[in-house]
Amino acid sequence: MRFVIRYFMLLPLLFSVSLWAQAISPHQAVENATKDLLATIERERPNFKDKPDQFFTAVQDVLLPFIDFDTIARRVMGQYYAAATPEQRSAFAEAFRNSLIKTYTKGLLEYNNEEIVVLPAREGDRRGNRARVQMEIRSATGATYPVTYSMYESEGGQWLLENVTINGINIGLTFRNQFTHAVRMHKGNIDKVIANWSAEIGGGEGTASR
């Protein structure tokens, strides 16, 4: 699970405001924005030790406009979303967003010249306002990890990330299963699940995704 989270951390940083401002395809945006990913990491890495909040904010500023955290959090809650109060839904979405971004921040520090390759668009990758972007992460040791972004185009014409599959592992489904397990462990007490969510996904200050 640590491996999956680590590479999931890297991927959403491939997006930038300037690239999405134009009517370009998801594949074009992701391919061009790889440069922004590398620039963000290299620019902010020296700040983490003395200015961790600055590093966190830089990561957050990139992630928030392009990941639909509310939709992901709702899907993670699954069948329990309907039974949750509006306050619980909001609290989980916030805990999910904050903890996952902080997990991203820590994971970025481990980035070590992995090569991110956006594969050419294939027939069927885009259907209406939804699209898949196929990618590969190639490590320095020669290992290759296939990645699929699941995205949708908002009413405003912005492409938003709603799920990721890494090396065959559906990230959203993985977190949903963990939420379900946590609810059972806490005997249906959703407040306890929210309060302990970071521990449920392996420690740190994290929460979930679809």
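The values are calculated or read from the model by the stated rules, or taken from the named source; none is laboratory data. Just so it is clear, the structure is predicted and the values come from calculations on it, not from any experiment. Don't worry about glycine lacking a Cβ; one is built from the backbone with ideal geometry, like all the others, and counts go over all protein chains shown. We work out accessible area using only protein heavy atoms, side chains counted, and drop any ligands, DNA or RNA first. Shrake-Rupley method; radii C 1.70, N 1.55, O 1.52, S 1.80 Å.
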Legend entry - One residue from 146, 120 being outside any helix (DSSP H, G or I), open to solvent by 30 Å² or more (accessible area, probe 1.4 Å) and touching a residue at least 24 places away in the same chain (Cβ under 8 Å): 120
Inset, instruction - Consider residue 162 carefully, then state whether it is within 26 Å of residue 70 (Cα to Cα) and open to solvent by less than 20 Å² (accessible area, probe 1.4 Å). - result: yes
Inset, instruction - Give the number of residues within region 123-142 that are outside any strand (DSSP E or B) and open to solvent by 30 Å² or more (accessible area, probe 1.4 Å). - result: 6
Legend entry - helices (runs of 4 or more DSSP H) lying entirely in region 40-113 (those with 2 or more residues that are farther than 22 Å from residue 189 by Cα and not aliphatic (A, V, I, L, M)): 52-63, 86-108
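Have a look at 40, 57, 71 and point out the one that is among the polar types (S, T, N, Q), touching a Lys or Arg at 6+ places or on another chain (Cβ under 9 Å) and either modelled with pLDDT of 65 or more or on the phi > 0 side of the Ramachandran plot (or both).
Exactly one residue qualifies, and that residue is 71.
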